[in-house]
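Undergrad: Take a look at the following structure, please.
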Amino acid sequence: MKRKIAVLANGWNHLSISHALKGIRSVTDKLDIDVFLFLSFAAFAQSHARNLGEDAIFDLTDYTEFDGVIIFSGMLNSQETPEHIAKKLVSKKVPGVSVGIPLPGLDFVGIDNFKGMYEMVDHLVKEHHIKNPVFLAGAKEHPDSNERIDATREALAANNIELKDDRIFYTNWEYLTAMEGAIAYAKSDNPPDAFICANDHNAIATCIGLSQLGYSVPKDFIVTGFDKIAHAETFFPSITTVYQDYEKIGYIAAWQLMEKVEGISHSSQVIVSSSFVKNESCGCKKSEEAESVRHTFCINAYVKEMEGLINQSSSAELIGHVFSGSDYESFRNNLFEYYKTRNNFKGRDFYYIVDDNARKNFKSSSFPIKKTWSNKMSCLVAVQNDKASYPGDFSRSQLIPNYKKGKAPEVYTFTSMHYDDNLFGYVVLTDSIDLIQDRTLNHYMIQMNYNLEQHRKNCRFDEMNKALRNISNTDQLTGLNNRFGMEGNAVPVLEKANASKKKCAIMFADINRMKYINDNFGHLHGDLAIRTVASTLLKEMPEGWVGIRYGGDEFISVGECKNEKTVIDFIERLNSSLKKEVEAMQLAYPLTISCGYILSDPNSSLKLDDYINQADSIMYVHKQKTYEDEKEKNQSVTTNIKSLEDLPRMK
């Protein structure tokens with residue numbers, strides 16, 4: 001039986017989650033377990049609707065299909081999201097571990113934000129003699145940020161320094177907000193001597209903002225961070241920070257989950273300590289000590305820049321190739337053709353999956369796009385071993401079409417395709433830890449989501465243009481083509497028939513005694529007569545033929561025709577059906593038609609108008625015969641005149 005666990009995390013914490021996955025894999029690989037990583041890119045700086053679309057990936061699956069679940073609750077964008085998932089797991093008795101925030105019913109792996117932060121702030125006071133710091137916090141309600149504030153307050157209080165509320169600035173973890181806050185404090189009447197930041201990104205933003213003002217760190221201001229991201233070591237100055245060992249955290253969470261799955265007695269709560277790391281930004285580490293790390297970083301940065309340029313070219317090619325059309329079929333075909341010969345994720349399995357609701361919306365904007373997943377999915381492309389296939393439709397419960405455990409355990413990463421909270425589908429990738437770590441996957445999803453929405457709009461515009469063209473080509477009284485519609489729809493039928501050496505029938509019909517109906521019963525009855533003939537024509541016309549209202553009471557039908565019998569049968573059905581319709585309506589006046597037809601010659605240079613004129617002439621003879629020989633209403637018209645040669649000479 002396949003064994004698999006689900007891991008839920010936020011991709012903006014790209015370094016933490018990539019390190020945690022290494023720790024998780026050190027357990028799951030040994031136990032031959034597949035990992036299904038559900039990754040959201042929700043962020044405080046984004047709109048609520050966009051974050052809903054990102055977090056929808058957590059509602060994609062039924063977690064009872066997994067042996068257990070690890071939630072990186074401290075990473076997720078809101079506390080409500082992990083609480084909602086935890087309730088599901090508990091109600092369905094699915095073993096679960098929460099990393100970061102305690103959740104009722106789940107085991108817990110906590111990260112001691114407090115210890116490392118307290119030690120660092122205590123160090124700043126005792127070794128660097130700070131007296132007036134500012135704290136650049138994360139989000140106001142975020143537990144990690146608040147724990148770091150509490151540790152700072154206590155460390156300062158232990159040294160008889162008070163951290164007042166007006167010296168705390170909330171950045172919502174945003175780079176520019178942190179920079180603007182640091183600049184404002186530095187220019188104030190009471191500038192701080194240190195900026196203690198809730199994470200390394202805010203610390204780096206602070207250093208850059210102070211540099212723009214002409215200040216130097218740590219000479220003019222001390223700056224510290226938290227997390228020990230890669231840039232904290234390579235930035236100048238390198239950032240004094242607090243280290244959380246996420247690889248160890250992932251390892252512990254995975255073992256804790258598997259012990260719970262196996263029913264082995266274990267501690268339901270584990271706390272992993274953080275540690276204080278001295279660097280240049282507080283004045284502890286000399287530049288010479290940090291240079292070797294920066295040298296390596298510079299080399300790798302150049303390599304990444306070159307790879308980035310190559311990826312940009314590949315991305316531009318993807319956009320130009322896949323999104324060049326304006327309908328669902330062209331998008332589907334273009335996508336498959338692109339991945340048949342190219343692969344943005346070479347060496348990895350890749351699945352591009354569209355939700356059935358989104359597919360219907362792409363085909364017709366009248367079908368509303370949904371904010372919840374449907375039970376039916378369509379995999380437009382599956383790339384396995386660098387070979388593309390089209391698996392087509394499958395059930396959402398499968399998650400991946402034709403999933404079966406491979407020879408070696410895998411990590412499958414799931415990310416949501418959406419625009420705001422409108423869901424398009426999802427992408428699945430194998431072996432994507434490095435793509436998460438360097439943000440390649442995030443950039444790909446941002447680009448894909450934006451272009452999918454633009455393509456959806458293009459489909460909508462194309463649909464609207466077709467509707468407008470249809471309005472301009474359609475006779476409003478009858479719904480048949482008008483003269484414009486004849487040019488756009490009937491002429492191509494004749495041209496296609498000529499090209500394939502096939503005949504076309506051109507049938508001309510005219511209402512008998514139309515003037516009598518208008519003069520004696522009024523134009524409303526005249527319109528009724530026209531609509532009745534038009535609806536009968538549409539009902540009896542062979543499939544693929546084009547119906548046209550040519551003039552006031554004149555009608556044309558054009559279509560491919562193997563022989564005369566087809567058109568003769570059509571005219572007979574038309575007359576018979578019209579007779580029944582008139583009898584059912586109990587009209588107070590006769591309503592009949594006269595018809596004439598001509599068969600086209602594929603080798604002739606005659607145009608549609610030429611054939612129409614000939615069919616009109618034949619019809620006119622029938623009308624004259626009707627007036628002279630047939631006095632009773634509803635008398636069917638014979639069709640024994642088949643060509644101009646059969647016409648009597650006209651005086």
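The values are calculated or read from the model by the stated rules, or taken from the named source; none is laboratory data. Bear in mind that the values here come from a model prediction, so they are computed numbers and not experimental data. Using ideal geometry, Cβ is built from the backbone for each residue, glycine included, and neighbour counts are taken over all protein chains shown. Side chains are part of the model used for accessible areas, which takes the heavy atoms of the whole protein and leaves out ligands, DNA and RNA. Shrake-Rupley method; radii C 1.70, N 1.55, O 1.52, S 1.80 Å.
Undergrad: Considering only segment 192-213, how many residues are surrounded by 24 or more Cβ atoms within 10 Å (Cβ to Cβ), closer than 13 Å to F236 by Cα and among the polar types (S, T, N, Q)?
TA: The qualifying residues number 1.
Undergrad: In addition: Considering only residues that are in a helix (DSSP H, G or I) and either among the hydroxyl-bearing types (S, T, Y) or open to solvent by 70 Å² or more (accessible area, probe 1.4 Å) (or both), which ones fall in segment 123-136?
TA: Listed by number, the residues that qualify are K126, E127.
Undergrad: A388 - would you say it is among the small types (G, A, S) and in a strand (DSSP E or B)?
TA: yes
Undergrad: Restricting to segment 457-481, name every residue that is in contact with a helix residue (DSSP H, G or I) (Cβ under 6 Å, 6 or more places away or on another chain) and either of a type in the set (D, E) or within 14 Å of N361 (Cα to Cα) (or both).
TA: Matches in segment 457-481: C459 only.
Undergrad: Can you run down the residue pairs with Cβ atoms below 8 Å, 6 or more apart or on separate chains, where the first is in segment 73-87 and at pLDDT below 90 and the partner is surrounded by fewer than 23 Cβ atoms within 10 Å (Cβ to Cβ) and part of a helix (DSSP H, G or I)?
TA: These pairs meet every condition: G74/P143; G74/D144; N77/N51; S78/N51; Q79/P143.
Undergrad: Of all residues in segment 151-183, how many are acidic (D, E), over 35 Å from the mean Cα position of the chain (by Cα) and more than 24 Å from G283 (Cα to Cα)? Step through it out loud before you land on a result.
TA: First pass over segment 151-183, keeping only residues acidic (D, E): 154, 162, 165-166, 174, 180.
Those still in the list that are over 35 Å from the mean Cα position of the chain (by Cα) too: 154, 162, 165-166.
Among the residues that remain, those that are also more than 24 Å from G283 (Cα to Cα) are: 165-166.
Within segment 151-183, residues that are acidic (D, E), over 35 Å from the mean Cα position of the chain (by Cα) and more than 24 Å from G283 (Cα to Cα) number 2.
Undergrad: When you scan segment 558-605, how many residues do you find that are in contact with a helix residue (DSSP H, G or I) (Cβ under 7 Å, 6 or more places away or on another chain), open to solvent by 70 Å² or more (accessible area, probe 1.4 Å) and within 21 Å of Y620 (Cα to Cα)?
TA: Residues in segment 558-605 being in contact with a helix residue (DSSP H, G or I) (Cβ under 7 Å, 6 or more places away or on another chain), open to solvent by 70 Å² or more (accessible area, probe 1.4 Å) and within 21 Å of Y620 (Cα to Cα): 1 in total.
Undergrad: Which residue, of A194, A205, A254, is of a type in the set (G, A, S) and closer than 30 Å to V27 by Cα?
TA: Every option except A254 fails the conditions.
Undergrad: Okay, next question. If we only count helices (runs of 4 or more DSSP H) wholly inside segment 10-122, which ones have 3 or more residues that are within 30 Å of N159 (Cα to Cα), open to solvent by 50 Å² or more (accessible area, probe 1.4 Å) and not small (G, A, S)?
TA: none
Undergrad: Answer yes or no as to whether D189 is more than 24 Å from G74 (Cα to Cα), surrounded by fewer than 24 Cβ atoms within 10 Å (Cβ to Cβ), in contact (Cβ under 8 Å) with a residue 60 or more places away in the chain and over 35 Å from the mean Cα position of the chain (by Cα).
TA: no
Undergrad: Yes or no: segment 330-352 includes at least one residue that is within 17 Å of D386 (Cα to Cα), open to solvent by less than 40 Å² (accessible area, probe 1.4 Å) and modelled with pLDDT under 80.
TA: So far as segment 330-352 goes, yes, one or more of its residues are within 17 Å of D386 (Cα to Cα), open to solvent by less than 40 Å² (accessible area, probe 1.4 Å) and modelled with pLDDT under 80.
Undergrad: On the basis of being at pLDDT below 95 and in contact with a strand residue (DSSP E or B) (Cβ under 6 Å, 6 or more places away or on another chain), does S273 make the cut?
TA: Judged against the criteria, S273 is a match.
Undergrad: Applying the selection to segment 248-270, what residues are open to solvent by 60 Å² or more (accessible area, probe 1.4 Å), part of a helix (DSSP H, G or I) and in contact with a Leu (Cβ under 9 Å, 6 or more places away or on another chain)?
TA: Correct list: empty.
Undergrad: Being in contact with a Gly (Cβ under 7 Å, 6 or more places away or on another chain) and hydroxyl-bearing (S, T, Y) is the filter here, so list the residues in segment 420-455 that pass it.
TA: none
Undergrad: Scan the helices (runs of 4 or more DSSP H) fully inside segment 470-557 and keep the ones with 3 or more residues being buried (at least 20 other Cβ atoms within 10 Å of the Cβ) and free of Cβ contacts under 8 Å to residues at least 60 places away in the same chain.
TA: Where helices (runs of 4 or more DSSP H) fall fully within segment 470-557 and carry at least 3 residues being buried (at least 20 other Cβ atoms within 10 Å of the Cβ) and free of Cβ contacts under 8 Å to residues at least 60 places away in the same chain, they are 523-540.
Undergrad: Right, here's the next one. Being open to solvent by less than 50 Å² (accessible area, probe 1.4 Å), of a type in the set (V, I, T) and part of a helix (DSSP H, G or I): is that true of I436 here?
TA: Spelling it out, I436 is indeed open to solvent by less than 50 Å² (accessible area, probe 1.4 Å), of a type in the set (V, I, T) and part of a helix (DSSP H, G or I).
Undergrad: Suppose we keep only residues that are crowded, with 17+ Cβ neighbours inside 10 Å and among the basic types (K, R) within segment 353-374. Which one would you say is farthest from the chain's Cα centre (by Cα)?
TA: K360
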